[in-house]
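Trainee: Please see the structure below; I have some questions.
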Amino acid sequence: MDNKFYFECVNCRSKYFYDEVEYLCPKCEADNNSGNPPKGVVKAVYNYSKILELGKYLRTFDRLVNTQFIDLFPLYSVRSFSALRIGQTPLYSYTKIDGKAINFKLFLKDESQNPTFSFKDRASNLVSAFALENDYKTIVVASSGNAGSSMAGIGASMQQDVVVFVPASAPKAKLIQTAMYGARIIPVAGTYDHAFELSIQASKAFGWYNRNTAYNPMTTEGKKTVSFEIFKQLNQELPDMIFVPVGDGSIISGVFKGFEDLLKLNIFEKMPRIVAVQAKGSPNLTNNLHEKNFNFIDCNTIADSLAVKIPRNFYMTQHFMNEYQGESVQVSDDEILDASLSLAKQRGIFSEPSSAAAYAGMLKYKNEGKIAKNCKVVVLLTGSGLKDIHSVEAKLNLPKPVEPTLDAVKKIIAK
Ligand SMILES: *Cc1c(COP(=O)(O)O)cnc(C)c1O
Ligand SMILES: [Zn+2]
């Protein structure tokens, strides 16, 4: 592993050997306080010139595919990964919206097809593999829902012990799922931030490996795999735009990082336009990207996976958005609900609100004429609707039972 990669702090740009830092940059971590986004998140930077050299006989990207991208992971072997099929999700293509032809190419990347039904499995996969290679038996995570159930499921497939700290108010379906996988759930009488802090104290006290987002650099390295896949599924063509739902900013950072790795390997020349989609009721990351004095507001949105007051991966997202001219758009809860209904009715894809938000963002861009002709546009659908049926319930009228006679049915049909 010696010169395969190093870590770089996104704030002070200090560089560290891979075994010098496990989580945050020690210089920046010391100044962190709970009212602000944490500084010192680190990014893995690979030995790109060495990878290029190896690519002499086969085109670099083809070689990466053949070796399952091992050169771009902080791991010894791809055999360390879970046996579950993580990632390799479908990329569906469409020529119509609302039954009308569109003049661009629309693709939906359906991440609900991951083993625990959300995008989070990509991060858990890397964390589990890293834990295996580094002899960690127990993994701990603080989560408001999907990250916990994901770590529990992927950990179960690896026979690793998983401990999940959750705010006591977390959605029931996600907790039941976590418990089914056999993880130990520790509900905290407090907020997600309390759960987060407590999980870090516990990992230090008990030697557990910590999966927290914007803390453990493996999460970004796992999330970036979606970009490798999109490029491959588009027959090695770059999409023009990608819409990504954003809360803490970890998924979007992963998307940027994946394309950045390939960019540094000269596999293409430019970054796609990456659009951060936030809920209007939880606009804290995109509203503060260019602010000196942060103004973080309390959240009020049906998109519970996007409801984040202080975005944990703020600085890494800001770093990527500045470097590669990222864009942003905000959508209302009504727009999110409409988008989830269209996705379900027109595509047969039932997305949770946080996921449908990305589709709503794309529709808004389209209506504002911001999608150029013939563009390849990808929307990242991050999680399954079955994880959060409560929020769409109000939009539906489930029918009342009928008498078991054909006459009763005729009456209803006639209405
Ligand atoms: C976690 C999550 C998001 C938001 O990701 P961030 O990394 O917090 O920006 C979006 N959709 C779903 C389904 C999620 O679970
Ligand atoms: Zn630093």
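Trainee: What are the principal axis extents of the Cα atoms in the range 28-110, in Å, biggest first?
Mentor: Computed over the range 28-110, the largest-to-smallest principal extents equal 55, 50, 29 Å.
Trainee: Let me ask another. Per the Cauchy relation, a quarter of the hull surface: what is the mean projected area of the convex hull of the alpha carbons in the range 234-287, in nm²?
Mentor: With every direction weighted equally, the projected area is 4.0 nm².
Trainee: Along its principal axes, what span do the Cα atoms of the range 1-151 show, with the longest given first and each in whole Å?
Mentor: Taking max minus min along each principal axis of the Cα atoms, the range 1-151 gives 55, 49, 33 Å.
Trainee: Hey, what does the equivalent ellipsoid look like for the chain, semi-axes from the Cα gyration tensor as sqrt of 5 times each eigenvalue, largest first, whole Å?
Mentor: The three semi-axes for the chain are 34, 26, 22 Å.
Trainee: List the relative contact order of the chain as a percent without decimals, with contacts defined as Cα pairs under 8 Å and 6+ residues apart.
Mentor: 16 percent
Trainee: Rounded to the nearest 20 Debye, what is the dipole magnitude of the range 139-284 about its Cα centre when Lys and Arg each give +1 and Asp and Glu each give -1 at the C-beta?
Mentor: 220 debye
Trainee: On to the next question. Would you calculate the convex hull of the Cα atoms in the range 337-415 and tell me its volume per residue in Å³?
Mentor: 146 Å³
Trainee: Now for a different question. Normalised by the number of residues in the range 100-203, what is the relative contact order in percent for Cα pairs under 8 Å and 6+ residues apart?
Mentor: The normalised contact order for the range 100-203 reaches 24 percent.
Trainee: Roughly speaking, what is the centre-to-centre gap between the range 10-56 and the range 260-310 when only Cα atoms are used, to the nearest Å?
Mentor: 20 Å
Trainee: Moving on. Of all DSSP beta bridges in the chain, what percent run antiparallel (nearest 5)?
Mentor: 35 percent
Trainee: Students often check this: by mean Cβ neighbours within 10 Å, which of 299-311, 279-291 ranks highest, and how do the rest follow?
Mentor: 299-311, 279-291
Trainee: Rounded, prolate or oblate: pick one for the range 297-386, where a ≥ b ≥ c are the square roots of the eigenvalues of its C-alpha gyration tensor, a/c under 1.5 means rounded, and failing that, prolate if a/b is larger than b/c, else oblate.
Mentor: Oblate shape, in that a/c is at least 1.5 and b/c is the bigger or equal ratio.
Trainee: Of 172/366; 224/264; 39/309, which pairs sit farther than 25 Å apart, going by alpha carbon to alpha carbon?
Mentor: 172/366, as the Cα separations exceed 25 Å there.
Trainee: Then there is this: Using only alpha carbons, build the gyration tensor for the range 194-348 and give me the equivalent ellipsoid semi-axes, biggest first, whole Å.
Mentor: Working from the Cα gyration tensor, I get semi-axes of 25, 23, 17 Å.
Trainee: Shifting gears a bit: Could you work out Rg/(2.2 N^0.38 Å) for the range 114-162, with Rg from alpha carbons only?
Mentor: Relative to the rule-of-thumb radius for its length, the range 114-162 sits at 1.00.
Trainee: Let me ask another. Going by Cα centres, the range 382-415 and the range 142-164 are how many Å apart?
Mentor: Their Cα centres are 34 Å away from one another.
No lab work stands behind these numbers, since they all come straight from the coordinates. What you see is a predicted model; the values in this text were computed from it and never measured. Positions of Cβ are backbone-derived with ideal geometry, glycine not excepted, and every protein chain shown enters the neighbour counts.
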